[in-house]
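Please read the structure below before turning to the comments.
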Amino acid sequence: MRSGKFITLEGIDGAGKSTQLAWIVQLLQRVDCATVVTREPGGTPLGEQLRVLLLDKSITMHPETEALLMFAARREHLDKVILPALTLGQWVISDRFSDASFAYQGGGRGVNIQKLAILEQWTQDSVQPDLTLYFDVPVELGQQRVSQIKNADRFEQEQSDFFQRVRVAYRDRARQFPHRIKIIDSSLPLNEVKAAVEKILLNILKHG
Ligand code: TYD
């Protein structure tokens, strides 16, 4: 068995992560990688309860409270799911991780980036994904896709200027960590997005 990698998927709401996730897992399983699929906020019993609170639009909270809850869920997620799986040599595919906190709480809500960096260091030490696939779409397209599929949650109900800031923060982060974060143009037709993802995954499978 290959030694596992930690892969995260990121993007604004409606960027198409979920569609890609299903077949990324299929591709890895086809080549015999043991995979653990998980998500943030969530992935553990406590994290899933925090997720319910974080996505509930009847609840208001200070942006820093929101950031703290995201990192609290993440601490639990690392301890109970991510690190044990990696230790066993499994591949961990997480629908979002800490780049989302920098994008949504940092960019979107304006939480101080230095404070987020302290939380990141505190929560993760040196643990970072081996690869982050950032699905980039124009805000209008993301919002259009979300409105077609579901009732908006506490984040999805935000206005387009919020998502513009989230997108800018994601792109800044991708520029800051170009070796880890790969930008995928998710406004392209599905098969082209899939081909771009496949190329990156085959490369990591080949070269580690
Ligand atoms: P998402 O993963 O997109 O799930 P769904 O596809 O079911 O809507 O939703 C989670 C929301 O949480 C998303 O709007 C982004 C937000 N989020 C943050 O604001 N900060 C974070 O650190 C994480 C992990 C998520």
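Before moving on, here are some points about what is shown:
- Set Lys57/Lys182; Lys17/Lys182; Lys150/Lys182; Lys17/Lys115; Lys80/Lys206; Lys17/Lys206 screened for pairs whose C-alpha atoms are more than 25 Å apart: Lys57/Lys182; Lys150/Lys182; Lys17/Lys115; Lys80/Lys206
- The C-alpha radius of gyration of the range 8-50, expressed as a fraction of 2.2 N^0.38 Å, stands at 1.33.
- Taking the DSSP beta bridges with both ends in the chain, the antiparallel portion is around 0 percent.
- Each of Thr87 and Val168 was given a label point 7 Å from its Cα along the Cα-to-Cβ line. The distance between the two points is 4.2 nm.
- Once the chain from Ala117 to Trp23 is taken as fully extended at 0.36 nm per residue, the excess over their C-alpha distance is 30.6 nm.
- With all pairs of separate Cα atoms included, the chain yields a Kirkwood hydrodynamic radius of 17.3 Å.
- Between the beta carbons of Leu46 and Ser160, assuming R0 = 35 Å, the FRET efficiency works out to 0.60 to the nearest 0.05.
- Phi to ³J(HN,Hα) by Karplus 6.51 cos²θ - 1.76 cosθ + 1.60 over the range 131-141, Hz, x for Gly, Pro: 8, 10, 9, 9, 8, 9, 9, x, 4, 4, 5
- The range 83-97-the range 104-176 distance, computed between alpha-carbon centres (Å): 21
Coordinate-derived values only; no laboratory data. Since the structure is predicted, the reported quantities are computational estimates derived from the model, not experimental observations. When we count neighbours, we look across all protein chains shown, and the Cβ atoms used for this are built from the backbone with ideal geometry, even at glycine.
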